[in-house]
1. Tell me which of these Glu109 doesn't satisfy, since it passes every other one: (1) surrounded by 16 or more Cβ atoms within 10 Å (Cβ to Cβ); (2) at pLDDT 90 or above; (3) over 11 Å from the mean Cα position of the chain (by Cα).
2. In region 75-98, which residue that is at pLDDT 85 or above and outside any helix (DSSP H, G or I) is surrounded by the most Cβ atoms within 10 Å (Cβ to Cβ)?
3. List every residue pair whose Cβ atoms sit under 7 Å apart, with the two residues 6 or more apart in sequence or on different chains, where the first one lies in region 64-76 and is hydrophobic (A, V, I, L, M, F, W, C) and the second, anywhere, is assigned to a helix (DSSP H, G or I) and modelled with pLDDT of 90 or more.
4. With respect to Gln25, determine if the residue is in a helix (DSSP H, G or I) and at pLDDT below 95.
5. Quick one: count up the residues across region 42-73 that are closer than 21 Å to Ser92 by Cα and crowded, with 16+ Cβ neighbours inside 10 Å.
6. Looking at region 33-74, which of its residues are outside any helix (DSSP H, G or I) and of a type in the set (Val, Ile, Thr)?
Amino acid sequence: MIKIVKYCSFLLLVSLLAVASAPAQDGARLYVHKFCTTCHGQEGIAYAPNYPNLAKQNERYLVNQVKDIIAKKRANKLTLLMTEHPVVTAVSDAEISAIAAHLNKLKPEPASQAK
C-alpha cells in the first residue's frame, strides 16, 4: 500500500512539473492544464450558467479579472475554486496572458444556443 501511495505521489509530482514547464505561449495547453476547463468549458463556454463564458473575451479584461481573483480583490463563492487551488494560484503573469490570448481567439457560442 505504501508503495502505491509513493508511486502515485511520484506521478503527481512529475505531471505537475511537466505542466509547470509548459511554455507560456501555449495558451490552449495551459488553459486545460491549469484547470480552467473545469468551470469555463473546453471551448470557453461555461458548463453552468453561474460561471462566465470566456470565449472571445477581451484579453486585457481576462488578465485583469484573473489577477484580481487570485489577489482576492474579487471574492465570492464562485472564485473560491481559483483562490484555493494551488495550480491556479501559482499561474504566472505570462501564463495568464497566454491563456487570455487563447480565449480571445475562440468562437463564442451561437446566439441560438445561449444560456
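The values are calculated or read from the model by the stated rules, or taken from the named source; none is laboratory data. None of these values were measured; they are calculated from a predicted model. Quick reminder, even Gly has a Cβ in these numbers, built from the backbone with ideal geometry, and neighbours come from all protein chains shown.
1. For Glu109, the failing item is (2).
2. Val91
3. Pairs that qualify, where the first residue is hydrophobic (A, V, I, L, M, F, W, C) and the partner is assigned to a helix (DSSP H, G or I) and modelled with pLDDT of 90 or more, are Val66/Ile96.
4. no
5. Summing the residues that are closer than 21 Å to Ser92 by Cα and crowded, with 16+ Cβ neighbours inside 10 Å in region 42-73 gives 11.
6. Within region 33-74, Ile45 is the sole residue that qualifies.
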